[in-house]
Amino acid sequence: MFKKNKHGIQIKTPEQLEKMRAAGLVVGRTLQLLRESVRPGMTPLDLDGIAEKAIRDEGAIPSFKGYQGFPATICASVNHEVVHGIPSSRRALQEGDVISIDCGAILDGWHGDSAITVPVGEVDPRLTELMRVTEEAMWRGIAALTVGRHLSDIGHEVEKYVRSQGRYGIPQEYGGHGIGTEMHMDPWVANHGKPGRGPRFEPGMCFAVEPMVNLGTDRTKVLADEWTVVTVDGKASAHFEHSVAVTHNGPWVLTALDGGKERLTGLLGDAG
């Protein structure tokens, strides 16, 4: 039995949050290893093998592998692929590519989920800026996870920041989610919208905050593999994600190795 609030959102005890932190650190360390491993000539399938070994070596289980039939440990989305790319050996990464790596792990029954977008060698400055905007938008959304604020404040902060930085597309149909004893739990977390709506945040709630931002249109389509989401105009996309707990002391970023301290310092004062 797990406690839920009146909206059906799972509320974790401090002891359960520590277990989620342990799962989150497995994911954080795995993504750090993958970031360091990305180079021209590697294939997404090479990265998938690295990720699976890293997760299992820590006594955890890859949460993506077998999930609704997904065949791999990571989602590896290259260039115009937005999310849910299936790692393959058919195409090696090339200088100038960007690859979004989404990774999840289960440890002692609790889930961690996080994503990064990584440049392959030197990339176009527009792609560097796209990644910067997307990652900063994620942190702006995370900073909204303070006791008493509302669920829609996450998406509002994400969208407000992205719109302030230029003409980017924010896919409307994809977003974050609750997380805990399952990888995907209620509620859905939009990356857009008006503030002050939905449930108020309470200590012990946990959410995956994950903006996806496109260099062009917000319109996407799913390929024939029934997983890979791509931009309809063929322009690049970036994706960043962290699993975050609401606490009395502010957001605790469970999948960030430092708990989010470095990036949240300064943001918590102006995220309102």
>> If each residue of separation counts as 0.36 nm, what is the full-extension length gain between LEU268 and THR13 once their alpha-carbon separation is subtracted?
In response: 89.4 nm
> By the scheme Lys and Arg +1, Asp and Glu -1, what is the net charge of all other residues having a beta-carbon under 11 Å from that of GLY196?
Replying inline: +3
> What does the helix-only formula give at 222 nm for the chain: each DSSP H stretch with n ≥ 4 adding -39500 (n - 2.57), the total divided by the residues, and the result rounded to the nearest 500 deg cm²/dmol?
Replying inline: -9000 deg cm²/dmol
>> Below 16 Å, Cα to Cα, which lysines can LYS235 reach? Residues fewer than 8 away in the same chain don't count.
In response: LYS221
> With point charges of +1 on the Cβ of Lys and Arg and -1 on the Cβ of Asp and Glu, referenced to the Cα centre of region 14-264, which listed residue (SER89, VAL222, TRP188) lies farthest in the positive direction of the dipole?
Replying inline: TRP188
>> As an exercise, find the ratio Rg/Rh for region 121-166 from alpha-carbon atoms, using the Kirkwood inverse-distance average for Rh.
In response: 1.12
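What net charge do the residues around SER152 carry, taking every other residue with its C-beta under 13 Å from that of SER152, with Lys and Arg at +1 and Asp and Glu at -1?
That sum, taken over residues with Cβ under 13 Å, equals +2.
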> Say each of SER88 and ASP233 gets a label point 7 Å from the Cα, pointing the same way as Cα to Cβ; how far apart are those two points in nm?
Replying inline: 2.4 nm
> ARG167 to ARG197: extension gain in nm, 0.36 nm per residue of separation minus the Cα-Cα distance?
Replying inline: 8.2 nm
>> At most 13 other C-beta atoms within 10 Å and a DSSP loop state: those are the exposed GluC sites (Glu not before Pro) I care about. Give me the longest piece of the chain that has none.
In response: 1-94
>> Quick check: the distance between the Cα centres of region 30-54 and region 75-130, to the nearest angstrom?
In response: 10 Å
> Residues with beta-carbon under 11 Å from that of LYS4, excluding LYS4: net charge, scoring Lys, Arg +1 and Asp, Glu -1?
Replying inline: +1
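Taken together, the values in this text are just the output of simple stated rules run on the coordinates, not laboratory data. Predicted model, so just to flag it, every value in this text is computed and none were measured. Glycine gets a Cβ as well: all are built from the backbone with ideal geometry, and neighbour counts include every protein chain shown.
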